[in-house]
Amino acid sequence: MSDTTSSTTPTEPAVQPVLTVCVTCRRGLSSAEIGDAPGPGRQLYDALLANAEESGILIRPVECMSLCSRGCTATVSMPGKWTLLLGGLEMEKIADFKGWLKLYSASKTGMVPASKRPPTLSDMVIARLPADIASPAKPA
């Protein structure tokens, strides 16, 4: 199930993707290796936040997503689309990641075909969760 067609019509308000970034992620580094510098998760968050408004993305911090072996980690979600749990995000991949976020935002379901994903992000999707996972509606 993949697409790249937006579900927003000209009369609907634009909805921003919400990117939640683990700011405590150390990406396998020890406290001694990091020293006084911000950890990799905080660096990623700060870099994404620096142009979030321009990118049309709402970025939120979260403390520990418990995916230390797959850091840096984040989730991306939008109403009516798959919520994706992402890992292996690094500062070196940030330009590719920003491009991918635009594709996610423009897609109807939140699925971006592997053929449109940059090779540097080929293994970033850890899991996908249904858009209505928190919905109070009863299963069919």
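The values are calculated or read from the model by the stated rules, or taken from the named source; none is laboratory data. The structure presented is a predicted model; accordingly, all values stated were derived computationally and were not measured. As a convention, Cβ positions derive from the backbone with ideal geometry for all residues, glycine included, and neighbour counts pool all protein chains shown.
Helices (runs of 4 or more DSSP H) fully within the range 10-90 that include at least 3 residues being touching a Lys or Arg at 6+ places or on another chain (Cβ under 8 Å): 40-49. Considering the range 103-115, the residues that are modelled with pLDDT under 90 and not in a loop (DSSP other than H, G, I, E, B) include one that is farthest from Pro79 (Cα to Cα), namely Ser115.
So, of the residues in the range 55-79 that are closer than 21 Å to Val15 by Cβ and among the hydroxyl-bearing types (Ser, Thr, Tyr), which turns out to be farthest from the chain's Cα centre (by Cα)? Reasoning before the result, please.
Of the residues in the range 55-79, the ones closer than 21 Å to Val15 by Cβ are 55-62, 74-79.
In the following step, the residues that additionally are among the hydroxyl-bearing types (Ser, Thr, Tyr) were identified as 55, 75, 77.
Numbers: Ser55: 13, Thr75: 4, Ser77: 7 Å.
Filtering first and then ranking leaves Ser55.
For first residues located in the range 26-50 and touching a residue at least 60 places away in the same chain (Cβ under 8 Å), partners that are surrounded by 11 or more Cβ atoms within 10 Å (Cβ to Cβ) and lie 6+ apart or on another chain with Cβ distances below 6 Å form the pairs Arg27/Pro40; Arg27/Gly71; Arg27/Cys72.
Residue check: is Ala140 within 15 Å of Pro17 (Cα to Cα), assigned to a loop (DSSP other than H, G, I, E, B) and at pLDDT below 90? So Ala140 fails the test. The set of residues from the range 80-93 being within 18 Å of Leu58 (Cα to Cα) and within 11 Å of the chain's Cα centre (by Cα) comprises Thr83, Leu84, Leu85, Leu86, Leu89.
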